[in-house]
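Please treat every number below as a calculation from the coordinates, not as lab data. All of these numbers come straight from a predicted model, not from anything done at the bench. Don't worry about glycine lacking a Cβ; one is built from the backbone with ideal geometry, like all the others, and counts go over all protein chains shown.
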Amino acid sequence: MKDVTLTDTQARPATTGRRASVEALTYFYVFNVLLLMIVGHGYLTSVPVGTSSTGWAATLLAYTANFAMLALAPLLVTLLALVSSRLWVSLTVAVIVYTLSAVFIYADSVIYQLWRFHFNSMVWNLLTTPGAGDSVTAGKSTVGSTLVVIGLLLLAELGFALFFFPALSGHAVAAKLRNKRALALSFAAVALLIVMDKAVYDVGDFRGNVEILRVRNLLPLYQAVTIKRFANKVLGMNISPNRQLKFKSGSGSLDYPKAPILFRPGGPRPNIVVIAIEGARFDMLEPDVMPNLWQWSESNLVCEANYSGGNTTRYGIFGLLYGIYGSYWQLALADRDGPVLIKSLKQLSYHIRILSCTDLNYPEFRRTCFIDVPDAITDKWHGEKVERDKAMTDEFLRFLDENQQPYFAFMFYDASHQPYRYPPEHAVFDVGGVTDDINYLKLPHDAKGMAFIKNRYKNSLHYVDTELGRALAALQEHGRMTNTLVFVMGDHGEEFRECGLFGHDSSFSPWQTKTLMVAHIPGEAPRKITRLTSHLDVPPTILTCLGAENPLSDYTQGLPLTTAQARPFVYVASWDTAAVIDDQTTTMFGLEAYKAETTVYDSSYAPLPHQRDELTAHRAELLSALQGMRQFTK
């Protein structure tokens, strides 16, 4: 049997040279539009149940047109191969470029099914930032499955180039289509398809049809076109798109604090301990999951409606230490401006110790939260996360034995990060044989496996609770608690498909944003705080206890936990979106021009009907959030 290779003689039975290459690339384009639609079918599984037939029709039109548009980019690259008159060159370039495109779409569809965002700056940050490996772990099964998918896509492209294209090219029908007119009509049909999609989107935009507007976020690299401004100004049509508000995260640089922080002379100088736990959401404060923290909480303050400053570590810890909205992150990073809390503690001669089981280069906490105390940081440990959490607790106990007061200690436990690690003796919940080698490609459709993974998460928190118990016991020895402020919270939540997603950093559902929060404040009676609280409340709680005389508006957007004052909403940030959350609803809005939609969700994080009316009802909250996003800029 003869070897099959990409030769001119095999792959061009009917024509030669550049004309054969153009014909080949045209077939390749059509084939890859279909292939991308198959590879990206996962996007369609994310369309909400109950979508109307009109919504589905618009979605399928946008789905087809978007992939027809995306497949044009690789085509333009492969057309460069026409400088060579050899067909095998064009086919080789086409195979490589289109395989890479298909791999990207497959990976992006998996990301979207799990986390409801596309490949973005956050994903790029994960891949390129030093220390990111501490926060993201791809198991061997994930790598293996990915390699299999890449291999299958490459085989599909090679199969088309080596077998299907020669067969198509030699078919009688192909001979009839082998002319400039047929080529022009083909691409005119593609252009018409794309124009139809944009026209339907425009109609949906005019009418505020959420089912149609949804495709902008559903599909990768979708290019929305709107003519509202043209219709308003030129056609004189009375269209008022701004029941929705435009949000900008500000420009310039931080104006934070608004004034130097002044402390009452001779004010109290209690010790301060802040302990963050990776992904410890609100409903994990239970005796079977975290028995030590649960028992300790019975004699302290428990915030039952506490929200992180973000749905990811970056914004959660930022809000916890800065006391301002997470949308100021980029400005703080650009300005290398540390939090007022740390600056004030240094001013008051506190002994500061920063302990983290994850590398503080990712997120860039060494350049933000702890930039003013680099020598106080320990974030490098031997062993895996389980050993690191134990080593960190040991180091904290040594720090306490030094008895250098007053002190501020920050600790960050990380064993409860995906893939949720713990020693065998902490396997108190059944994991059904699921190991820490999580296959992320199977998760979107494996409900039983997800339940077992959630149990892994609980087991990891059970282990963290043991280490936390050691730290709390040490603080209670010799009456240390009588002069120590202690705050324990999750950095953000963690979802296990309660709202259809997995992990965090993908929505503002309570599962991803609402965390446990237990606080010990000397002199405060044990109680449950049912009003809305936030991570942003920790800095003002500490600084008011130290006798800060400034108004809160000088340095924070939080409230002391000890106040009875209720707030109308909490603000939660993410990469290019944010949300205001009140007692009944969550209003999500985009922070960037490409993510300009605003959606109101109910308490179970389902989109509410009559969005325009809901936005009108929440206009005061949104305007207040907008003002807050500008409060500390200049």
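Summary table below
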quantity: Check: the stretch 271-630 dipole with +1 on Lys, Arg Cβ and -1 on Asp, Glu Cβ, in debye; calculated: 340
quantity: Radius of gyration and maximum dimension Dmax of the stretch 271-630, Cα, Å; calculated: 19.6, 60
quantity: Approximate spin-label separation Asn403-Arg181, in nm, with each point projected 7 Å along Cα-to-Cβ; calculated: 9.9
quantity: Estimated [θ] at 222 nm from DSSP helical runs (n ≥ 4, -39500 (n - 2.57)) normalised by residues in the chain, nearest 500; calculated: -13500 deg cm²/dmol
quantity: Share antiparallel - DSSP beta bridges, the chain, percent rounded to 5; calculated: 50
quantity: Whole-number Å³ per residue for the convex hull built on Cα positions in the chain; calculated: 186
quantity: Cross-link reach list, aspartates and glutamates versus Lys528, counting only Cα pairs under 13 Å and skipping chain neighbours closer than eight places; calculated: Glu298, Glu304
quantity: Under the span-like rule (Cα at least 30 Å along the axis, Kyte-Doolittle mean at least 1.0), DSSP H helices of the chain; calculated: 17-39, 87-115
quantity: Net dipole in debye of the chain [+1 Lys, Arg Cβ; -1 Asp, Glu Cβ; about Cα centre; nearest 20]; calculated: 2560
quantity: For the stretch 513-564, the spread of Cα positions along each principal axis, largest first, Å; calculated: 28, 28, 15
quantity: Where a label projected 7 Å from the Cα of Arg19 along Cα→Cβ would reach, residues of the stretch 185-215 with amide N under 20 Å; calculated: 185-187
quantity: Cut-off under 5 Å, modelled amide H: who pairs with Ile275 long-range; calculated: Met411, Phe487, Val488, Met489
quantity: Segment Ala427-Arg264, extension gain: residue separation times 0.36 nm, minus the distance between their alpha carbons; calculated: 53.7 nm
quantity: Given charges at Cβ of Lys, Arg, Asp, Glu: the stretch 271-630 dipole, positive-most of Gly326, Gly493, Tyr605; calculated: Gly326
quantity: Added length on full extension, which subtracts the Cα-Cα distance from 0.36 nm per residue, Arg336 to Ala617; calculated: 97.3 nm
quantity: Most to least packed among 253-259, 147-153 [average Cβ atoms within 10 Å]; calculated: 253-259, 147-153
quantity: Order of Ser506, Ser603, Ser53 - criterion: other Cβ atoms within 10 Å of each residue's Cβ, fewest first; calculated: Ser53, Ser603, Ser506
quantity: Residues Glu498, Glu614, sorted so that the one with the fewest Cβ neighbours within 10 Å comes first; calculated: Glu498, Glu614
quantity: Ordering of 411-421, 532-542 by packing [mean C-beta count within 10 Å, highest first]; calculated: 532-542, 411-421
quantity: Footprinting exposure proxy for Arg527, Arg470 (fewest neighbouring C-beta atoms within 10 Å first); calculated: Arg527, Arg470
quantity: Net lengthening on full extension, His351/Leu34 (0.36 nm per residue, minus Cα-Cα); calculated: 107.8 nm
quantity: Dipole of the chain, positive direction: furthest Cα of Phe508, Val190, Leu44, with charges on the beta-carbon; calculated: Val190
quantity: In nm, spacing of pseudo-spin labels at Gln584 and His41 (7 Å Cα→C-beta vector); calculated: 4.2
